[in-house]
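The structure under discussion appears below in the form of structure tokens.
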Amino acid sequence: MSSDQNCIFCKIVCGEAPSEILFQNDEIIVFKDIKPASKHHYLVVPKNHIINVNHLVTKEDKLLVERLIEIGKKVLEENGGTIEDARLGFHLPPFNSINHLHLHVISPMSEMSFFSRLIFKPNTWWFQLRDVMCEA
């Protein structure tokens with residue numbers, strides 16, 4: 001498993017930085033966003049250090065993204081959120097704040113502020129879900 005000693009998400013994965021972890025297995029960790037856009041705002045992160053969506057190029061990467069989405073939805077529902085009022089997506093470079101791939105899972109959308117709705121506006125050139133799915 002690759003990691004970056006300067007990456008805050010890698011430090012969370014290794015237990016070197018505090019975070020409210022909601023789920024983890026050998027491949028993925030889910031924790032609460034420190035600046036939530038709504039009541040439920042979780043980050044679904046591969047434990048392996050992948051810089052951003054531009055580094056998703058293989059069929060295995062596509063399967064990883066599908067697992068991130070599946071686990072994100074599961075954790076959301078287990079914590080009282082609803083998929084019907086949720087927003088999922090990735091910030092695209094250069095708009096990603098942390099250089100470690102992470103899926104935002106946010107619910108309820110109906111409680112997001114105007115600014116949050118802009119930052120997490122789907123299918124824009126800065127925040128997407130479908131278009132990051134590699135074509136491999």
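Can you name the residue in the range 78-112 that is in contact (Cβ under 8 Å) with a residue 60 or more places away in the chain and farther than 17 Å from L129 by Cβ and, of all such residues, is surrounded by the fewest Cβ atoms within 10 Å (Cβ to Cβ)?
Filtering first and then ranking leaves E111.
Are any of the residues in the range 120-127 at positive phi, more than 13 Å from the chain's Cα centre (by Cα) and at pLDDT below 95?
Checking the range 120-127: at least one residue is at positive phi, more than 13 Å from the chain's Cα centre (by Cα) and at pLDDT below 95.
If you take the residues in the range 1-35 that are part of a loop (DSSP other than H, G, I, E, B) and in contact with a strand residue (DSSP E or B) (Cβ under 7 Å, 6 or more places away or on another chain), which one is surrounded by the most Cβ atoms within 10 Å (Cβ to Cβ)?
Among them, the one singled out is S19.
Could you grab me the full set of residues in the range 68-77 that are surrounded by 15 or more Cβ atoms within 10 Å (Cβ to Cβ) and either within 10 Å of S38 (Cβ to Cβ) or of a type outside the set (K, R) (or both)?
Those that are surrounded by 15 or more Cβ atoms within 10 Å (Cβ to Cβ) and either within 10 Å of S38 (Cβ to Cβ) or of a type outside the set (K, R) (or both): L68, I69, I71, G72, V75, L76.
Please state which of the following conditions L43 fails to meet, knowing it meets all the rest: (1) surrounded by 13 or more Cβ atoms within 10 Å (Cβ to Cβ); (2) closer than 20 Å to S110 by Cβ.
(2)
Restricting attention to the range 76-88, does a residue exist that is touching a strand residue (DSSP E or B) at 6+ places or on another chain (Cβ under 7 Å), closer than 18 Å to K121 by Cβ and at pLDDT below 95?
There is no residue in the range 76-88 that is touching a strand residue (DSSP E or B) at 6+ places or on another chain (Cβ under 7 Å), closer than 18 Å to K121 by Cβ and at pLDDT below 95.
The values are calculated or read from the model by the stated rules, or taken from the named source; none is laboratory data. Treat the numbers as computed from the prediction; the structure is a model and nothing was measured. When we count neighbours, we look across all protein chains shown, and the Cβ atoms used for this are built from the backbone with ideal geometry, even at glycine.
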